[in-house]
Each structure stands twice: as C-alpha cells, then as structure tokens.
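The values are calculated or read from the model by the stated rules, or taken from the named source; none is laboratory data. Since we're looking at a predicted model, the values are computed, not measured. Glycine gets a Cβ as well: all are built from the backbone with ideal geometry, and neighbour counts include every protein chain shown. What goes into the accessible areas is simple: the full protein's heavy atoms, side chains included, and nothing from ligands, DNA or RNA. Shrake-Rupley method; radii C 1.70, N 1.55, O 1.52, S 1.80 Å.
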Amino acid sequence: MTHEGTLAYIEDIARHEGQRVIVRGWLHARRSSGKIHFLTVRDGSGFIQGVMSKAAVDEETFRLADHLTQESSVIASGTVRADARAPGGFELDLATLEVVGGSADYPITPKEHGVDYLMDRRHLWIRSERQSAVLRVRAEVIAAVRSFFDDRGFILADTPIFTPAACEGTSTLFPVQYFDETTAYLTQSGQLYNEANAMALGRVYCFGPTFRAEKSKTRRHLSEFWMVEPEVAFARLDDVIDLAEDLVVSVVTRVLERRQTELKRLDRDVSKLELVKKPFPRITYDDAVKMLNDKGQPFEWGGDFGAPDETLLANSFDRPVAVTRYPSKVKAFYMEPDPQRPDVALCVDVLAPEGYGEIIGGSQRIADYDLLLRRIKEHDLPKEAFEWYLDLRRYGTVPHGGFGMGIERVVTWICGLDHLREAIPYARTLNRLYP
RNA sequence: UCCUCAGUAGCUCAAUGGCAGAGCAUCCGGCUGUUAACCGGAGGGUUGUAGGUUCGAGUCCUACCUGAGGAGCCA
C-alpha cells in the first residue's frame, strides 16, 4: 500500500489544514454507520477522528476499516479538514488505510473497569486518553523543574541510589544484596549527599527515584517515587521558602502554558491552578495548631499533622501554604533549631490546595558540629556511618538548606487525580510489582 | 502492623436461604455524521480457596488467599 501526503503528528495537524497527510498510529475507537466509518486514531501526540465514506475509497479499503479492531496499528492518509464537530477542531477525510499489526480482544474496552484490572494492564492502560494526558503533564512538570534550576545556575549533581545506611533513620529501607557479603539500601533521599555537593558546587539539585519500604496503603504513597531536591550553601529558612515558592509557581505556570489540551482532557478546573501566584501564605506550626482548634479539629501541640489536618489547613487558602517551625521532635535529626525557640525546627512543609497535601518538605540544616553530633547520638544513629557527613561541619561549615519536592504528588495535584498511582507510568505500591 | 469493605460471564455489576441474570465487550446482520453511537440475533458460568450449618448456600458461620479505602509514617 502506498500513501500520499506529508508525514504528520496529530498534535501538529492544525498546520496541515487542507493538505494531504500520512498519520501513523493505533485505532482508538471505531463507529460505523453502514456506508461511513468513523475511526479515531491516536499516535501518542494526540487523537483525531478519521472519516471514511464508502464512496471515497475502494471496496477492499472500506471492508478493512469495517473489521478494524481496537488498538490495531495503522498507517493512514487523508485530507485535513476543520470541523466544528470534532473535539480537536480537525478531522481527517481518509483515502488510504493499511494495517501494520492486528489486535484481537484488546482487554481495555471503552466501558468501565476496576482499578486492579487496569493496574494489571498498566502497560496498555497508558494508551488511554486520560492516562496518556497525565504522562504528558508529568513530562512537562519534570521539564519545568529542570529548566527552573538550570536557568538559575544550579548544578545537577545526582546522588547514589545504593546507600550504606539510613539517611533519616525513620522510614523503612529496602535492603539489597551488594556483591557477596554486603547489604546496601535503596536511597530514601538524596539529602545528605546533596549537602556535600552544595559545599562543593554552591547551588545544586538532584533528581531521581527514591524508595521507601513503608507499608502504606493510601492514595498518597508509593514505594518508588521521584523527587527533586535542591540544596543551597549559605541559604537560611526564608531563602528555602522563597525558592520553593518560585519553583511551584514556575512549574504550574509552564504546565498551564503548554499543556492546556491535556488539562482539558482531564477535566481539570484550571481556574484553581491560575490562582497559584506569589506570595504563598506562610504560617507557623503554632498558627496552624490554633487554626485547627478554631475550626473544631482537636489537635495537641507536639504531634505531626495527619492527612485530614493538612486538608483542613490547606482549604483555608486558595494557593499553596508554607507551614514552618514544626516541633523538632517530629522532624529529622539534621534540621537546625530556631535560635529563638530551640524546641522548634527551621523547617517548612508546603501544602497543596484542594486537599492534595504535602508536596514539599525542607529545612535549614544544622551547621554546628557539636549539635549535629549530639542529634546523631540522640537518634541512636551510628556515628561511624556519618563521619563523612560530619566532615562537612569540620571543614568550613556554613548555614545551608534545601527541600524535596515529590514529582508524583505535584502531578496528581496539577492533574486533579484522586490517586498517586496514575501520576507515574508504572506505580510501585505495597501490593504491586507487576507489570 | 491495625481498622473497614469487596471478590458471581472477558469487563462492570444484579440475584428475600429456593430455576445463574443484565449491560457492555466478542461474533453475525442492519444503518451516510457517529462521539462510551444505535437497532436485531448468537455464543459465553467450578459464584476467590478449603471446610461447616441446612432438606436446600452466590447468600449464613470459620479459616485462608487476593484486592480496595483509611490509620500510622512521609514527598
């Protein structure tokens, strides 16, 4: 079969109005009315409806279209025509059709399916309109994050995934055999290495997968997730919050600029995202506890917020809110205490609006050698494992700080999803390692 | 680890302790503007597993398996 026309991707189809193009992709859906077929084709860049009328093609081509099954791969050619009835504004009047690979009994039908069924077929589910839109937004979020840091003079310095011990000592680690006799652990944060990198390179960030063996079963947790972590020498808490604020605004703005089609396909209320502008409200943990109690949510000073607490707090604001100065007791060992009030830490959590919860956690780090050593001992961490980390305080210590932002949580929020597992191509959860 | 809920056709779900059902998908036929198209017909079942109660169990009881939602913890 020979096809006439210019090779085109569906997302660029508007540029080819009135022209003959060749599209290569898969059959997404087919509707037929006897003498006219409607073939929705997707090519990864978008979806378009091809219209084949019996009068316009030879008999063999028309019969081929009549028996075309869902997700058969095809090469087709036709003329691009603007049409108000088409969701994307354009249709393709088909002239030729070639099946590259057939597809029998495709398991994901246009009707409803359960979560387990879809997750078992995640490798196929990502072909759907919604799921492919999410993954395209995810790619935009990641691109926005990298541009943000690269454009500001940050150096990308990635941290190891095999680590010798716990970074924070609290979360559970995934052990793996490391050659013959040694046990390594999959990293749960690049934080500590990031601090060393910041002392070498000034402003740095790492971006990669992290692993947590927490036996969580909630819509906000994955055992493998991606996190971007900047770290800045000489930064204090306010600098860390400024950076977090700029990053979130930059990412949301760029997705709004470049991924309107996908957000629309996801039925996202973009007016909520358009409110994400500087400055974010900044409240202290003390304020937050008071707010919760004023709203009738019983909460005692000293604990960490649960998901309902976070939602209640975030719902008081129309944009992300920065909550600072949590009790040191509930936070990581390396966080600098507030000099005015040593029982709270110079830390910040950024809570997304609309109940999406914590998307960023960060702090100013302890700069003083003696205090850091004391904290390591208080947390029963083995000093030997942290000698290299203590070196950073032995040799030219400076105030510094940074944060981690969970990519999937940001994608979930921006896309308006109700579960983190749709924000990553292949989610790893407590009960899922396949496909 | 704990709490709650669910498991019946390929999928999504019905079925008072009394004949195993529907819609969609698949296959066949019809239809020149369909958007999860529509209309007619056909095929499709070890009710998660193992026990128990009962004249009789998809339904009640026990254990286990699998999954979902939540708690804790976190990004």
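Could you provide, to the nearest whole Å², the per residue accessible area of the stretch A:16-78 with probe 1.4 Å? Let's see the in-between values first.
Numbers: 2870 Å² over 63 residues.
Accessible surface, normalised per residue, equals 46 Å².
Placing +1 at every Lys and Arg Cβ and -1 at every Asp and Glu Cβ, with all other atoms neutral, what dipole size does chain A have around its Cα centre, in debye to the nearest 20? Numbers along the way, then the final one.
Values: 55 positive and 65 negative charges, 149 e Å.
In total the dipole reaches around 720 debye.
Please give the calculated 222 nm ellipticity per residue for chain A, where each DSSP H segment of at least 4 residues contributes -39500 (n - 2.57) and the sum is spread over every residue; nearest 500 deg cm²/dmol? Kindly include the intermediate steps, with their values, before the conclusion.
Numbers: 13 runs with 130 residues, N = 435.
Mean residue ellipticity, 222 nm, calculated: -9000 deg cm²/dmol.
Given a cut-off of under 8 Å on Cα pairs at least six residues apart, what relative contact order in percent is computed for the stretch A:1-83?
Numbers: 149 pairs, mean separation 30.7, N = 83.
Computed over the stretch A:1-83, the figure is 37 percent.
Give the whole-number value, in cubic angstrom per residue, of the convex hull volume spanned by the C-alpha atoms of the stretch A:266-377. Don't skip to the answer; put the middle values down first.
Working: hull volume 13.7 nm³, N = 112.
Taking the convex hull of the Cα positions in the stretch A:266-377, it is 123 Å³ per residue.
Just need the relative contact order of chain A here, percent rounded to a whole number, with Cα pairs under 8 Å and 6+ apart.
Working: 829 pairs, mean separation 58.3, N = 435.
Rounded, it is 13 percent for chain A.
Between the alpha-carbon centers of the stretch A:293-350 and the stretch A:39-77, tell me the distance in whole angstrom.
Rounded to whole Å, the Cα centres lie 56 Å apart.
Taking the stretch A:353-410, which chymotrypsin sites (Phe, Trp or Tyr not before Pro) meet the DSSP loop condition and have no more than 15 other C-beta atoms within 10 Å? Intermediate values should be presented prior to the final figure.
Numbers: sites: A:Y356, A:Y369, A:F386, A:W388, A:Y389, A:Y395, A:F403; in loops: A:Y356, A:Y395.
Here the sparse-neighbourhood loop sites are A:Y395.
Among A:I10, A:V289, A:W413, whose Cα lies farthest out toward the positive end of the dipole of chain A, if unit charges sit on the beta carbon of Lys, Arg (+1) and Asp, Glu (-1)?
A:I10
List the pairs from A:K331/A:K377; A:K217/A:K278; A:K277/A:K329; A:K329/A:K377 whose alpha-carbon separation is above 22 Å, in the order I gave them.
Values: A:K331/A:K377 15 Å; A:K217/A:K278 34 Å; A:K277/A:K329 32 Å; A:K329/A:K377 14 Å.
Where the Cα-Cα span goes over 22 Å, the pairs concerned are A:K217/A:K278; A:K277/A:K329.
Do any chymotrypsin sites (Phe, Trp or Tyr not before Pro) in the stretch A:160-223 lie in a DSSP loop with no more than 16 other beta carbon atoms within 10 Å, and if so, which? Provide the component values of the computation, followed by the final result.
Details: sites: A:F162, A:Y178, A:F179, A:Y185, A:Y193, A:Y205, A:F207, A:F211; in loops: A:F179.
Sites meeting the loop and neighbour criteria: A:F179.
Quick one: pull the percentage of alpha-carbon pairs in the stretch A:205-260 with a separation above 14 Å.
70 percent
Send over the per residue convex hull volume for the stretch A:5-112, Cα only, as a whole number of Å³.
On the way: hull volume 11.4 nm³, N = 108.
Here the figure is 105 Å³ per residue.
Given bins 20 angstrom wide, list per bin the percent of all Cα-Cα distances in chain A, short to long.
22, 46, 24, 7, 0
Within 10 Å, count the other beta carbons around each residue, average over each peptide in A:147-159, A:404-416, A:68-80, A:290-302, and list them highest first.
Details: A:147-159: 15.4, A:404-416: 24.1, A:68-80: 20.2, A:290-302: 12.4.
Per-residue mean Cβ counts within 10 Å order the peptides as A:404-416, A:68-80, A:147-159, A:290-302.
State the three equivalent ellipsoid semi-axes of the stretch A:311-435, derived from the C-alpha gyration tensor as the square roots of 5 times its eigenvalues, in descending order and whole Å.
On the way: eigenvalues 209, 82, 29 Å².
Equivalent-ellipsoid dimensions as semi-axes: 32, 20, 12 Å.
Please compute the net charge surrounding A:W26, taking Lys and Arg as +1 and Asp and Glu as -1 over other residues with Cβ under 10 Å from its Cβ. Write out the running numbers ahead of the final one.
Values: positive: A:R24, A:R42, A:R127; negative: A:D43, A:E71.
In short, +1.
Where does the charge balance sit around A:E245 when Lys and Arg score +1, Asp and Glu -1, over other residues with C-beta under 12 Å from its C-beta?
Details: positive: A:K277, A:K278, A:R282, A:R319; negative: A:D238, A:D239, A:D242, A:D246.
Around A:E245, the surrounding residues sum to 0.
Between A:R31 and A:R432, 0.36 nm times their residue separation minus their Cα-Cα distance comes to what?
Contour length minus the Cα-Cα distance gives 140.8 nm.
Do any trypsin sites (Lys or Arg not before Pro) in the stretch A:205-251 lie in a loop, going by DSSP, with at most 10 other beta-carbon atoms within 10 Å of their beta carbon, and if so which? Walk me through the numbers before you get to the answer.
Working: sites: A:R212, A:K215, A:K217, A:R219, A:R220, A:R236; in loops: A:R212, A:K215, A:K217, A:R219, A:R220, A:R236.
When the trypsin sites (Lys or Arg not before Pro) of the stretch A:205-251 are filtered for loop state and at most 10 Cβ neighbours within 10 Å, A:K215, A:K217 remain.
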